[in-house]
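**Student:** Pasting in a structure now, in C-alpha cells, and then I'll have a few things to ask.
The values are calculated or read from the model by the stated rules, or taken from the named source; none is laboratory data. Given the structure is predicted, the values throughout are model-derived calculations rather than measurements. Neighbour counts run over all protein chains shown; Cβ positions are idealised from the backbone, glycine included. Keep in mind that these areas ignore ligands, DNA and RNA; they rest on the heavy atoms of the full protein, side chains included. Shrake-Rupley method; radii C 1.70, N 1.55, O 1.52, S 1.80 Å.
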Amino acid sequence: MSSTVGYLLFTSLYNSPLSNPLKPSNYRGLYEPLPSRSKQLASLANNQLDVLVIGGGATGCGIALDSVTRGLKTGLVELDDFASGASSKSTKLIHGGVRYLQKAIFNLDIEQYKMVREALRERANLLEIAPHLSAPLPIMLPVYKWFLVPWYWIGLKCYDFVAGTKNLRGSYFLSRKRALEQFPMLKRDNLKGAIVYYDGAHNDARMCLSIALTAARRGAFVANHVAVTSLVKDLHDNKICGARVKDQLSGKEWTIRAKCVVNATGPHTDSIRMMDDPNATKICSPSSGVHIVLPGYYSPQSMGLLDPETDDGRVIFFLPWQKYTIAGTTDNKCEPSFHPAPTEADIQFILKEVRNYLAPEIDLRRSDVLAAWSGIRPLVRDPSKPNTESLSRNHIVHTSESGLVTCSGGKWTTYRQMSEDTVDEVLKNHPDLKEKAKPCQTIGLKLEGGDLWTPTLYIQLVQDYGLEPEVAMNLAESYGDRAFVVADMAKPTGKKWPKVGRRIHSELPYIEAEVRFATKEYAATAVDVIARRLRISFLNVTAAEEALENIVKIMAEELNWSKQEQSRQMKEAVLFLEGEMGLHHEIQDGHDHQCDGSHDQNSK
C-alpha cells in the first residue's frame, strides 16, 4: 500500500464519526508521521502565511489549531518548547473556578459569573476532546465547623447549577466517618464532615503538545526553539506583515511573511508589544504559582483536597496526579522570567498549610518533596478601556494600530474560547481572510490520540506486546491511540516478562521507546523530553537526573548528536533540574525547618 493511499485510509478511519471500525492492531500501521521539524522550518520560510502565532503555550497552540481548521494558512513559533512556560506548570486542574463564582455572587460581578460559566463549558469540551489526557476528579472540602457545612454546600450546588447540562457530577456531603474512609490521612480532630465536588484533571504539558500536534496534523507549520527577534512592517502603511526569527538550535535567521501576527506569549506579552511600539503601555502583571510533588501515599489516588482559606487567604490544593501527590499553590507578584525557580519560602509555606490538614501522626518532611516548580501566569489590563488600574482574570484580545493582535490573560481551561475570540478578531481586521474562512471548528474536535482511545486500550497493549500493565496504562494515557505506534518501537527486554519495554528508570513507567518517539513529536533537547514529552522531572527530580544519561544516549542515536553535543545537553538538563525543578535543595540539619513567616504575601 502506498503511503498516500495508507494516509487517506487512515484519515477516513481516524475522522470517522462512527464507532471504532478497526481494532488498534489493524490501523496502527497506517499512522502517518508528522512533518519533521526541518520541513516545518522550511515551510515557515517559504510560504506567505495568513496568520503567524508567536507563543507555543496552550493559548498559542489553540489559536494555531483554530486558525488552520478554519482554512487559513497558519504558522506558529515558540522561543523554547511547546508548553515550556506556565502551560506545563499548572495545578493540573480543568476547572471553572469555585472561588470566582463566590466573588461573582457576593460582589454581584457579572463578568466573574460569565468567566465561570464559560470555563465550565470549556471544562466539559476539554474532557471530551482529549479523554486519554484528562478525567473528572472529585475534590473534598473538609469542614471543621458546623456552620460552614450549609455555606459550602449551597456554594457548590450553585457551581453545579451554573455548569447546567455540562456538570460532571453533583456535589454531595460526606459524614465524618465517610470522609475519613475516603481520605484516611485527614486530620480527625473536630472534623464534622466534608463536601465533595467535581472538576477535571489533566496532563497539562502533553495536552498542550497534543493541541500543537493536532494543528500540525491539520496543516499548520509549527516550530519550537524559534525566537522572534523583531516584527516586520510594511513601509507604505506601517502595518505588521511578518516577523524576523532565529532558529535557536542552528542559529539560522530568516523572515516569516504573514498577513497577521498574533502575540500569545503569556507573561511575556509586553515584550512583543514593545517590539511593535516601544512606547506601548504595559498591560501584564505576572504572578508566580509554586507547586511541590510528594509521594503518592500522601493522598488517595481518586480524591483531591481543597483548603479554600489558608492563613493568608490563598487556596491550597492537594491533588493526586500520575500516581504522586501535587500540593500548591502560591500567588506572588513577580517579574517575567523564562526560567522561574521555586523559592524555599514558597515550599515551606505549602508544607505548612498541608500539615494543617494531615493527621498528626503523619510526619510530612521537607525531604518528602520530590520536585518543585514555579509557573508564571499573566493578569492583564485591557488597553482599549479607559480604566487601566484594574487587573482581570478574564482574557483580553486587542489589536494595535499596526495590526498586532494580542491575546493574554485567562486560564488553561478556557484556552479554546480564547483562541476562538482571537481568530474572530483577526478576521474582523482582515476582510480578505474572512471571505475564505470557515466558522470555528474546535468545539468537539478530538485532539491527537483521542479519536479511537478507550479506557481499556491498555489491556490490548499488554496482550499484543507483553508490556507491563503499569507501562501500558501510561502509554495509553499519554498517547491515546498513538500508543501502538510507540509500542511498535519498543525493544525486547530479554526477559520472559515483560517481553518488551525497557524502562528508563525503575521507579517510573516510562520506557526507552518513548524517548525515540519524543523526537518525532518535535523534542529537540533533553529538557524537552524529561519535562514535557515525559513528565519525569515533574514527578521525581532525582530519578530524572539518574535517567538523564540514558535519555541523552537514545536522543543522540535519533538526532545524530556528537559527543560534544551530548555533553552540552547533559549540562543544560542538570542546570534545568537544579534551577527550575528543585534538585538538591539544601535541607537544614537533615531535617525539616518551619516557615519563619517571611513568606511573601503579595497580591492574590
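**Student:** Name the residues in segment 283-299 that are outside any helix (DSSP H, G or I) and not hydrophobic (A, V, I, L, M, F, W, C), would you? Reasoning before the result, please.
**Tutor:** From segment 283-299, those outside any helix (DSSP H, G or I) are 283-295, 299; that's our starting set.
Correct list: Ser285, Pro286, Ser287, Ser288, Gly289, His291, Pro295, Ser299.
**Student:** So Val423 clears everything in (1) touching a residue at least 40 places away in the same chain (Cβ under 8 Å); (2) part of a loop (DSSP other than H, G, I, E, B) except one condition, right? Which one?
**Tutor:** Unmet for Val423, out of (1) touching a residue at least 40 places away in the same chain (Cβ under 8 Å); (2) part of a loop (DSSP other than H, G, I, E, B): (2).
**Student:** So, one more: Tally time: how many residues in segment 77-88 are part of a loop (DSSP other than H, G, I, E, B) and open to solvent by 10 Å² or more (accessible area, probe 1.4 Å)?
**Tutor:** Total satisfying the criteria: 5.
**Student:** Please go through (1) over 30 Å from Asp247 (Cβ atoms); (2) surrounded by fewer than 16 Cβ atoms within 10 Å (Cβ to Cβ) for Gly219 and return the number of the only condition it doesn't satisfy.
**Tutor:** Only one criterion in (1) over 30 Å from Asp247 (Cβ atoms); (2) surrounded by fewer than 16 Cβ atoms within 10 Å (Cβ to Cβ) is unmet by Gly219, namely (1).
**Student:** A further question follows. Looking at (1) surrounded by fewer than 21 Cβ atoms within 10 Å (Cβ to Cβ); (2) under 19 Å from the mean Cα position of the chain (by Cα); (3) of a type in the set (A, V, I, L, M, F, W, C); (4) under 30 Å from Ala547 (Cα atoms), which is the one condition that is false for Met489?
**Tutor:** Condition (2) is where Met489 drops out.
**Student:** Also, I was wondering about something else. Please determine whether any residue of segment 173-192 is touching a residue at least 60 places away in the same chain (Cβ under 8 Å) and closer than 28 Å to Gln417 by Cβ.
**Tutor:** No, every residue in segment 173-192 fails to be touching a residue at least 60 places away in the same chain (Cβ under 8 Å) and closer than 28 Å to Gln417 by Cβ.
**Student:** Would you please name the residue that is nearest to Asn190 (Cα to Cα), looking only at residues in segment 341-369 that are open to solvent by less than 20 Å² (accessible area, probe 1.4 Å) and assigned to a loop (DSSP other than H, G, I, E, B)?
**Tutor:** Only one residue fits best here, namely Ala359.
**Student:** Here's a follow-up. Can you spot a residue in segment 252-262 that is touching a helix residue (DSSP H, G or I) at 6+ places or on another chain (Cβ under 6 Å), outside any helix (DSSP H, G or I) and closer than 16 Å to Cys334 by Cα?
**Tutor:** No, every residue in segment 252-262 fails to be touching a helix residue (DSSP H, G or I) at 6+ places or on another chain (Cβ under 6 Å), outside any helix (DSSP H, G or I) and closer than 16 Å to Cys334 by Cα.
**Student:** If a residue has to be of a type in the set (S, T, N, Q) and open to solvent by less than 10 Å² (accessible area, probe 1.4 Å) to count, how many in segment 504-552 make the cut?
**Tutor:** The qualifying residues number 1.
Each row is one residue, and each column tells you yes or no for (1) farther than 30 Å from Ala526 by Cα; (2) free of Cβ contacts under 8 Å to residues at least 60 places away in the same chain; (3) assigned to a helix (DSSP H, G or I).
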{"position": "Asn125", "(1), (2), (3)": "yes, no, yes"}
{"position": "Glu128", "(1), (2), (3)": "yes, no, yes"}
{"position": "Pro136", "(1), (2), (3)": "yes, no, no"}
{"position": "Leu141", "(1), (2), (3)": "yes, no, no"}
{"position": "Phe161", "(1), (2), (3)": "yes, yes, yes"}
{"position": "Gly164", "(1), (2), (3)": "yes, yes, yes"}
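**Student:** Consider only pairs whose beta carbons are under 7 Å apart and that are at least six residues apart or on different chains; among these, list those whose first residue lies in segment 433-447 and is open to solvent by 60 Å² or more (accessible area, probe 1.4 Å) and whose second residue is part of a loop (DSSP other than H, G, I, E, B).
**Tutor:** Listed pairs, sorted by first residue: Lys436/Gly71; Lys438/Arg70; Lys438/Gly71; Gln441/Arg70.
**Student:** Which condition does Asp237 not pass, out of (1) of a type outside the set (S, T, N, Q); (2) modelled with pLDDT under 95; (3) crowded, with 24+ Cβ neighbours inside 10 Å, if it passes all the others?
**Tutor:** The single condition Asp237 does not satisfy is (3).
**Student:** Next question, about the same structure. Out of segment 463-482, which residues are hydrophobic (A, V, I, L, M, F, W, C) and within 23 Å of Met207 (Cα to Cα)?
**Tutor:** Within segment 463-482, Val471, Ala472, Met473, Leu475, Ala476 qualify.
**Student:** If you don't mind, there's one more thing I want to ask. Only one of these is part of a loop (DSSP other than H, G, I, E, B), more than 30 Å from Arg482 (Cβ to Cβ) and among the hydrophobic types (A, V, I, L, M, F, W, C): Leu235, Leu231, Leu174. Name it.
**Tutor:** It is Leu235.
**Student:** Working carefully through the options Arg117, Arg70, find the one that is of a type outside the set (A, V, I, L, M, F, W, C), crowded, with 23+ Cβ neighbours inside 10 Å and touching a residue at least 40 places away in the same chain (Cβ under 8 Å). Please lay out each step first, then the result.
**Tutor:** Working: Arg117 fails: crowded, with 23+ Cβ neighbours inside 10 Å.
Step by step, each of Arg117, Arg70 is checked, and only Arg70 is of a type outside the set (A, V, I, L, M, F, W, C), crowded, with 23+ Cβ neighbours inside 10 Å and touching a residue at least 40 places away in the same chain (Cβ under 8 Å).
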